[in-house]
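Worksheet: the structure to be examined is printed underneath.
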Amino acid sequence: MNDCLFCKIVNGEIPSEFIFENDDCVAFKDIHPKASTHILIVPKKHISSIADVSYEDAPLLGKLLNYAREIAEKLSLSGYRLSINVGKDGGQEIFHLHIHLMSNS
Ligand code: AMP
C-alpha cells in the first residue's frame, strides 16, 4: 500500500534493522519501546487491522504467533507479552497489522 509506513519498512523504502525476516514477515524494534524488549512483528502482506482479517488469513495469523515464539527463543526471553491493538479506540496508530512482543526479562 502506497502510503503505509510499515509497507515502506517491509519494502526497504524506509531503512530499518530487521531482527527477524522470512517470506511472511519482518520484525524490528519499536521506535518508542514500552518495555526493555519491544519488538514489532509485521506481516509482509498489507492487512489494515485484525478488524479486517478473514478466515483466509488464518494460516498467516497462526504462523505469526509461531514467529513470535521463535523470536522470543532467539532473544532468550524467559517471559513475554504479545498484544495487538485494534482500531483507533483500541490504541492502534499504524493501520498495518502488527503484533507487539514485549518483555522485561
Ligand atoms: P500501534 O499503536 O499498535 O499501531 O503500534 C504502532 C507502534 O509503532 C508504536 O508502538 C510506535 O512506537 C511504533 N512505530 C511507529 N513508527 C515506527 C518506526 N518507524 N519504527 C519502529 N516503530 C515505529
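Within segment 45-60, the set of residues being closer than 18 Å to E21 by Cα and more than 16 Å from the ligand (Cβ to nearest atom) comprises K45, P59, L60.
In segment 61-76 there is no residue that is within 11 Å of the ligand (Cβ to nearest atom), surrounded by 12 or more Cβ atoms within 10 Å (Cβ to Cβ) and part of a loop (DSSP other than H, G, I, E, B).
Check segment 26-41 and report whether any residue there is at pLDDT 95 or above and in contact with a Cys (Cβ under 7 Å, 6 or more places away or on another chain). The answer is yes; a qualifying residue exists.
The criterion of being part of a loop (DSSP other than H, G, I, E, B) and hydrophobic (A, V, I, L, M, F, W, C) does not hold for A27.
Does I39 meet the test of being surrounded by 14 or more Cβ atoms within 10 Å (Cβ to Cβ), closer than 21 Å to L75 by Cα and not basic (K, R)? Here the answer is yes, as I39 does meet what is asked. Candidates N85, N22: the one that is modelled with pLDDT of 95 or more, touching a Gly at 6+ places or on another chain (Cβ under 6 Å) and either surrounded by 18 or more Cβ atoms within 10 Å (Cβ to Cβ) or under 22 Å from M1 (Cβ atoms) (or both) is N85.
The values are calculated or read from the model by the stated rules, or taken from the named source; none is laboratory data. Keep in mind it's a predicted model, so treat the numbers as computed, not measured. No Cβ is skipped: glycine too gets one built from the backbone with ideal geometry, and neighbour counts run over all protein chains shown.
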